[in-house]
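Presented below is the structure to which this report refers.
The values are calculated or read from the model by the stated rules, or taken from the named source; none is laboratory data. It should be emphasised that the depicted structure is a prediction, and the values quoted were computed from it without experimental measurement. Please note: Cβ atoms are built from the backbone with ideal geometry, for glycine as well, and neighbour counts cover all protein chains shown. Remember, those area values only see protein heavy atoms, side chains included, never the ligands or the DNA or RNA. Shrake-Rupley method; radii C 1.70, N 1.55, O 1.52, S 1.80 Å.
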Amino acid sequence: MPIAMPEAGTPHAGPGGRFEQVVMPHLDAAYNLARWLVRNTHDAEDVVQESYLRAFRFFHGFQGGDARPWLLKIVRNTSYSFLEKNRPAALAEEFDERVHAQDAPALNAETAMVRNVESRMLREALEELPVGFREVLVLRELEGLSYKEIAELVGIPIGTVMSSLARGRERLREALLRARAKEGTRGL
């Protein structure tokens with residue numbers, strides 16, 4: 001997904017070096033979060049591009065340190081702004097997303113089928129979660145952010161992050177159990 005940056009290739013000074021060196025390495029994480037929040041590949045690409053433009057515009061205010069949480073907060077805010085403008089009802093309901101899975105090469109057809117079914121069940125179970133639970137789970141489990149980073153990014157206390165993760169994990173576990181029971185009645 002190419003990102004068109006203003007004055008591409010021009011050094012943009014700021015704490016920790018040029019914008020490209022500090023922020024561009026987090027493009028995959030930015031896309032991943034946007035994809036989970038807006039539920040659409042094309043919209044996620046637009047959100048990420050707008051987020052990178054905002055990050056570039058306000059890079060002078062970056063205080064140094066790890067740019068990833070700083071950038072993901074911009075992506076989160078841009079995603080919610082996009083949803084408020086384009087799909088206001090989506091913020092009040094649970095999302096139904098499709099995510100691109102990257103399955104590892106399978107040893108045989110049976111292993112590939114089982115991995116495919118398990119991956120689909122996990123994606124579907126994660127998609128069933130309300131956006132608040134899904135958001136903290138994606139940030140913690142897929143993006144590897146600390147509780148403190150999530151709290152700062154989302155703007156909630158660490159205790160709320162911890163309880164949201166616990167409740168989100170429990171709901172995810174329940175959804176997976178339902179999916180396994182459903183698959184068991186159909187047979188893998």
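Key figures for this structure:
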quantity: Accessible heavy-atom area order of 121, 24, 162, highest first, probe of 1.4 Å; calculated: 162, 24, 121
quantity: Calculated FRET efficiency for the pair residue 40/residue 63, C-beta based, R₀ 45 Å, to 0.05; calculated: 0.90
quantity: Whichever lysines have a C-alpha closer than 26 Å to that of residue 85, once near sequence neighbours (fewer than 8 apart) are set aside; calculated: 73
quantity: Accessible surface of residue 87 - all protein chains present, 1.4 Å probe, nearest 10 Å²; calculated: 50
quantity: Gain on full stretching of the segment that runs from residue 166 to residue 84 - 0.36 nm per residue minus C-alpha separation; calculated: 26.8 nm
quantity: Stretch gain in nm, segment residue 18-residue 183, where the contour uses 0.36 nm per residue and the Cα spacing is subtracted; calculated: 54.4 nm
quantity: Region 122-137 - phi-based ³J(HN,Hα) in whole Hz, Karplus 6.51/-1.76/1.60, Gly and Pro as x; calculated: 5, 4, 5, 5, 5, 5, 5, 5, x, 4, x, 5, 4, 4, 5, 5
